[in-house]
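Asks: What follows is a single structure, and I will ask about it in a moment.
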Amino acid sequence: MDKIVIEGGLPLHGEVPIAGAKNAALPILIATLVAPGEHRFTNVPDLVDVSSMLSLLGRIGCPSLGHKGDVRLDTSRVSFCEAPYDLVRKMRASVLALGPLLARCGEAHVSLPGGCAIGVRPIDQHLVGLEALGAEVELSGGYVHARAPRGLRGGRIVLDVPTVTGTENILMAAVTAKGESVIENAAREPEITDLVKFLRSLGAHIEGDGTSTLRIQGRTSLSPAAQPHRILPDRIEAGTYMVAGAITGGDVTVTRVDPRDLVPVIEKLRAAGCDVEVGTDRVRVRRTGGIRPVDVTTRPHPGFPTDMQAQLMALTTLAEGRSVITETIFENRFMHVPELTRLGADIAVEGNRAVVTGVEGLTGATVMATDLRASASLVLCGLAAQGRTEVLRLYHLDRGYEALVEKLQAIGARVERVPDDLRERMAAPAAHRMTESA
Ligand code: EPU
């Protein structure tokens, strides 16, 4: 398996073009099931999770073609209404097949995703929502079996928590249900707004996106849009490169972004002493002075995103003082802490709070990624650390960061991706070779 090798300590400078958002592409690709026919997309990120979603659609009977962010997907026929365990186990977001399959076929059989490194992650709210639309739901053999033989009908759902994929699942089922549906305490993430925009382009009638109440008038038939849908920019990828500029004391501009979706990250970077300039589709982050400590509490959108918690923690490891980071979304999202400690960080975890006491400097080490955003925090600290850092278990990063190594190299990072078995060969001349490639 590959690993990333970083020779840290260099300030990064330059522009990073941001890809389409993983967490928008995943629900939008599977949402095509509700409108039989050929769909076209642009700005689809080249990620393992996206390939997994297209494989799932292929298994269902919907072939796709993709080239450089452009994807064509044909949902004219559905031959299989199941998301099997071998696919769901690779990608939890396969659970997003539940709502659209139910809407399209009147039944859906989706393997239960189970927990993951960041928490238990139940899907009870998805199921309560689908039941409110008239589905009969049964759990057996590790699968959710949902059936609506006489079709779905509108219903009112008050979510216990504003779950992102839960809101998406219920929304995708409701667009062709008979009558009106209302989802209260809905999630308000920008990726949901992008899904609503896509569903509207198919003819769906939805009001309230960006608020916590979604109102849907079901339509009997939806059809593919005439124009391709452009996936919105990935605010988490953008935030990660913004922190890369900040943590290395560099000057990094993320381009092709929507700065409105980056407000919570921009605020924290300013509070940490960075100079942040906001343009129409770009954000520039510079740091010349020290890093000020910042306290952060993760919240559903428009609060500070849990998907940026590990990266912001990376920055605070080098702050001049103590920061408190509180995680309120997932119960186990501090798995990066022991690895950051291996790089020299001083972090004490008490329940859902991490107290980070800034240190003068980090030093390179071999570290192991546990989940996607944890992996990003290790790369960020590796970029700021003196010496060589190796980040193992790259499959997490491949799930969510398109061309990570290439994008970092383009802004001056000494970073390479190498097969793990080249460890011995790389060991001695690594610094020299990586300087040449930077
Ligand atoms: N929850 C329930 N019951 C449910 C669903 C959720 O109790 O039925 C709880 C969860 O356990 C959690 C909270 O609600 O404590 C929020 O979870 P949510 O359902 O919103 O998370 P998700 O939809 O499974 C999406 C993103 C995650 C991101 C979270 C929170 C996708 C494909 N995934 O997950 O992205 O962290 O929302 O914003 O959209 C990532 O990209 O690295 C990632 C993990």
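We did not get these values from a lab; they are worked out from the coordinates using the rules stated. Computed from a prediction, not measured in an experiment: that's the story for all the values here. As a convention, Cβ positions derive from the backbone with ideal geometry for all residues, glycine included, and neighbour counts pool all protein chains shown.
Asks: Simple spin-label model, 7 Å along Cα-to-Cβ: Glu360 to Tyr395 in nm?
Replies: It is 4.1 nm.
Asks: So who's got an amide H within less than 5 Å of the one on Arg282, skipping anything under 5 residues away but keeping other chains? H placed 1.01 Å off N, in plane.
Replies: Sorted by chain and number, the residues that satisfy this are Val257.
Asks: Would you work out which of Ala173, Gln217, Val137 lies farthest towards the positive end of the dipole of segment 105-226? Charges go on Cβ: Lys and Arg +1, Asp and Glu -1.
Replies: Projecting each Cα onto the dipole axis, the largest value belongs to Gln217.
Asks: Okay, moving on. Give the lysines reachable from Lys3 as a straight Cα distance under 21 Å; neighbours fewer than 8 places away on the same chain don't count.
Replies: Lys90, Lys407
Asks: Per 0.36 nm of contour for each residue apart, how much would the distance between Ser76 and Ser221 grow if the chain were fully extended, relative to their Cα-Cα spacing? Walk me through the numbers before you get to the answer.
Replies: Numbers: separation 145, 0.36 × 145 = 52.20 nm, distance 1.31 nm.
Going from the current span to full extension adds 50.9 nm.
Asks: Once all Cα-Cα distances of the chain are split into 10 Å bins that start at 0, what whole-number percent is in each one?
Replies: 5, 22, 30, 24, 14, 5, 0
Asks: Which Cα, out of Ser64, Gly289, Val359, lies furthest along the positive dipole direction of the chain (beta carbon charges, K/R +1, D/E -1)?
Replies: Ser64
Asks: Subtracting the Cα-Cα distance from 0.36 nm times the residue separation, let me have the gained length for Thr326 to Arg260 in nm, one decimal.
Replies: Numbers: separation 66, 0.36 × 66 = 23.76 nm, distance 2.34 nm.
Length gained, Thr326 through Arg260: 21.4 nm.
Asks: Under the Karplus relation 6.51 cos²θ - 1.76 cosθ + 1.60, θ = phi - 60°, what is the ordered set of whole-Hz ³J(HN,Hα) values for segment 262-269, x standing for Gly and Pro?
Replies: 10, 3, x, 6, 4, 4, 5, 5
Asks: With unit charges on the beta carbon (Lys/Arg positive, Asp/Glu negative), name the residue among Leu127, Gly203, Ile157 whose Cα is farthest towards the positive pole of the charge dipole of segment 68-207.
Replies: Gly203
Asks: I would also like to ask the following. Calculate the length of the line joining the C-alpha centroid of segment 271-308 to that of segment 85-156, in whole Å.
Replies: Answer, in whole Å: 36.
Asks: Along the Cα→Cβ direction, 7 angstrom out, place labels at Ala271 and Thr213. What is the inter-label distance in nm?
Replies: 3.1
Asks: Give me P(r) over segment 22-230, computed from all C-alpha to C-alpha distances, binned every 5 Å, as integer percentages.
Replies: The distribution over segment 22-230 is 1, 8, 17, 22, 23, 17, 9, 2, 0, given as percents.
Asks: Also, I was wondering about something else. Suppose the chain between Asp295 and Val158 were pulled fully straight at 0.36 nm per residue; how much longer would it get relative to their current alpha carbon spacing? Don't skip to the answer; put the middle values down first.
Replies: Working: separation 137, 0.36 × 137 = 49.32 nm, distance 3.15 nm.
Extra length from Asp295 to Val158 when fully extended: 46.2 nm.
Asks: Rounded to the nearest 20 debye, what is the charge dipole size of the chain about its Cα centre when +1 sits on each Lys and Arg Cβ and -1 on each Asp and Glu Cβ? Don't skip to the end; give the middle numbers.
Replies: Numbers: 48 positive and 52 negative charges, 119 e Å.
Result for the chain is approximately 580 debye, rounded to the nearest 20.
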